[in-house]
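Each value in this text was obtained by applying a stated rule to the coordinates, not by laboratory testing. Remember, it's a predicted structure, so these values are computed and weren't measured experimentally. With ideal geometry, Cβ positions are generated from the backbone for all residues, glycine too; neighbour counts draw on all protein chains shown.
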Amino acid sequence: MSVADQIIVPLDVPTEEAAIALLDRLPEIRFWKVGLELFVATGPTILKHLKDRQKKIFLDLKFHDIPNTVAGACRSASEYGIDLMTLHATAGKNALKAATEAIAHSPSPPQLLAITLLTSLNARDLAFDLKIPLELPEYALQMALLAKDSGINGAVCSPQEVAPLRRVCGQDFVLVCPGVRPTWAQTGDQKRVMTPKKALEAGADYLVIGRPITMADDPVMAWKRIIDEVES
Ligand code: C5P
């Protein structure tokens with residue numbers, strides 16, 4: 001897989017018009033992520049635009065519900081012909097298994113990725129608010145293993161966790177990392193960042209890189225610079 005196929009850019013915009021403008025501005029991008037904001041605004045229309053342009057699609061809706069509901073949502077989403085989609089590991093083993101079974105007979109099933117722990121939560125939130133007694137990297141690892149044992153294809157994790165997850169979950173487990181920043185880009189609200197080259201070397205299969213590309217003065221140049229830096 002070439003580096004250009006490993007970089008997923010989020011369509012983090014509120015309307016169909018803004019999404020189309022971004023697609024028009026960055027024709028080089030092959031893999032786009034559609035999250036809750038845009039999907040709630042446009043519904044599957046945005047997926048059709050992406051399919052019409054032969055793009056790969058990461059549908060990041062982070063399902064979290066009872067097994068029957070998660071299974072139904074995954075079955076419906078799999079009919080869009082998407083490539084990757086997310087659900088929370090904390091929905092539990094029955095929901096994770098139900099999700100994998102629900103899409104097993106889809107003509108083009110997406111790969112299912114588990115959210116281990118939202119990176120917006122820190123060690124303090126885990127211990128004091130969620131009352132989870134495990135330390136942070138260990139908790140993410142346990143959630144990834146729960147997902148793997150339930151038949152889920154991979155996980156979303158911070159680049160800081162990618163090396164231990166790769167070691168424990170094996171080569172076939174798909175690891176997708178947001179929180180990636182080239183040295184020349186602003187970190188913004190991402191707190192624990194790593195460069196694209198280092199995150200791929202640490203074991204990530206895919207990187208989600210948004211604002212360093214989409215908010216750059218010249219987004220096409222920013223994209224090319226990232227590819228060059230990884231390949232150098
Ligand atoms: O602009 P930036 O590169 O920070 O975008 C990262 C993308 O990845 C955003 O769409 C964000 O919602 C998403 N994401 C994240 N951290 C997670 C899961 C998803 O930053 N743990």
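For region 129-232, applying the loop criterion from DSSP together with a ceiling of 12 other beta carbons within 10 Å to the GluC sites (Glu not before Pro) yields Glu135.
Summarising the amide proton neighbourhood of Val193: residues at separation of 5 or more, or on other chains, whose placed amide H is nearer than 5 Å comprise an empty set.
Among rounded, prolate and oblate, which fits region 96-232 when a ≥ b ≥ c are the square roots of the eigenvalues of its C-alpha gyration tensor, a/c under 1.5 means rounded, and a/b larger than b/c means prolate?
Numbers: a/c = 2.02, a/b = 1.33, b/c = 1.51.
It is oblate, given that a/c is not under 1.5 and a/b is not larger than b/c.
Computed from phi, the 3J(HN,Hα) profile of region 48-58 under the Karplus parametrisation 6.51, -1.76, 1.60 (θ = phi - 60°) reads 5, 4, 5, 5, 4, 9, 6, 8, 7, 10, 10 Hz, with x in place of Gly and Pro. Packing here is the average count of other Cβ atoms within 10 Å per residue, and on that basis the peptides 125-132, 189-196, 8-15, highest first, run 8-15, 189-196, 125-132.
Straight-line cross-link partners of Lys51 among the lysines, defined as a Cα under 19 Å from its Cα and at least 8 positions apart when in the same chain: Lys33. Mean residue ellipticity, 222 nm, helices only, the chain: the sum of -39500 (n - 2.57) across DSSP H runs of n ≥ 4, divided by residue count and rounded to 500, is -12000 deg cm²/dmol. Residue by residue, region 137-143 carries 3J(HN,Hα) couplings of x, 5, 5, 4, 4, 5, 5 Hz when phi is fed to the Karplus relation 6.51 cos²θ - 1.76 cosθ + 1.60 (θ = phi - 60°); x denotes Gly or Pro. The Stokes-Einstein estimate for region 1-100, based on a Kirkwood radius over Cα pairs and taken at 20 °C with 1.002 mPa s viscosity, is a diffusion coefficient of 151 µm²/s.
Over 19 Å between Cα atoms, which of Lys62/Lys197; Lys56/Lys198; Lys197/Lys224 qualify? Correct reply: Lys62/Lys197; Lys56/Lys198. For Leu61, the residues whose amide H sits under 5 Å from its own are Thr86, ignoring neighbours fewer than 5 places away on the same chain, with H placed 1.01 Å from N. Once both labels are positioned 7 Å from their Cα atoms along Cα-to-Cβ, the gap between Glu28 and Asp65 label points is 4.0 nm. Across region 35-176, the mean sequence separation of Cα contacts (distance under 8 Å, 6 or more residues apart), normalised by length, yields a relative contact order of 20 percent.
Only aspartates and glutamates eight or more places from Lys97 in sequence, or on another chain, were considered; those with a Cα closer than 15 Å are Asp65, Asp149.
Under 17 Å of direct C-alpha separation, and excluding same-chain neighbours fewer than eight residues apart, Lys148 reaches these aspartates and glutamates: Glu101, Glu138, Glu161, Asp172, Asp205. Computed from backbone phi, the HN-Hα couplings of region 221-229 come to 5, 4, 4, 5, 5, 5, 4, 4, 5 Hz, rounded to whole numbers (Karplus: 6.51 cos²θ - 1.76 cosθ + 1.60, θ = phi - 60°; Gly and Pro given as x). When its C-alpha radius of gyration is set against 2.2 N^0.38 Å (N residues), region 3-231 gives a value of 0.99.
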